[in-house]
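Down below is the structure, laid out as structure tokens.
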Amino acid sequence: MIIGKYFVEGDAIFMEKFAWKAIIHEGKLEEYKKRHDMIWPELKQVLKDAGICNYSIWYFNNEVFGYFECEKGVDYAEKVQAASPIVDKWNEYMEDVMTMVMDRKTGAQPKLEQVFYLE
């Protein structure tokens with residue numbers, strides 16, 4: 001059950017979760033990692049301002065899967081990212097190493113649907 005920016009599963013209360021995926025261009029994984037090792041401080045700040053935390057990105061077979069939690073709710077995180085010129089600049093910077101089709105409605109990464117959860 002969702003209660004504002006949190007949801008309840010059993011006796012536990014969690015922040016809203018967000019997951020996305022993208023394709024890494026052939027031979028570009030090391031460059032992708034390098035750019036994330038040197039992520040811009042101003043981009044980190046936008047993500048924090050959006051309430052994004054517990055953010056990780058995973059790789060398999062030329063695909064990356066990102067997961068984060070939203071302290072201020074997914075809708076808020078999407079709005080902050082979509083309105084940020086810094087996020088736009090980062091997305092442009094990453095175009096030569098990855099392909100991600102942005103959600104037309106939100107302007108943010110396309111959200112994956114959770115199909116299983118184990119506490």
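The values are calculated or read from the model by the stated rules, or taken from the named source; none is laboratory data. Being a predicted model, the structure only gives us computed values, none of them experimental. Here the Cβ is made from the backbone with ideal geometry for all residues, glycine too, and neighbour counts use every protein chain on show.
Worth pointing out:
- Leading residue by the ranking (farthest from F18 (Cα to Cα)) among those in the stretch 73-98 that are part of a helix (DSSP H, G or I) and touching a strand residue (DSSP E or B) at 6+ places or on another chain (Cβ under 6 Å): A77
Rundown of residues vs (1) among the β-branched types (V, I, T); (2) modelled with pLDDT of 95 or more, yes/no style:
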| residue | (1), (2) |
| --- | --- |
| I52 | yes, yes |
| I57 | yes, yes |
| F60 | no, yes |
| G66 | no, no |
| E71 | no, no |
| Y76 | no, no |
| P85 | no, yes |
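- Scanning the stretch 24-72 for residues that are assigned to a strand (DSSP E or B), surrounded by 13 or more Cβ atoms within 10 Å (Cβ to Cβ) and in contact (Cβ under 8 Å) with a residue 40 or more places away in the chain turns up I24, V64, F65, G66, Y67, F68, E69, C70.
- Count of the stretch 78-107 residues which are under 19 Å from K34 (Cβ atoms), polar (S, T, N, Q) and either surrounded by 13 or more Cβ atoms within 10 Å (Cβ to Cβ) or free of Cβ contacts under 8 Å to residues at least 24 places away in the same chain (or both): 1
- Residue among I2, I39 that is aliphatic (A, V, I, L, M) and modelled with pLDDT of 95 or more: I39
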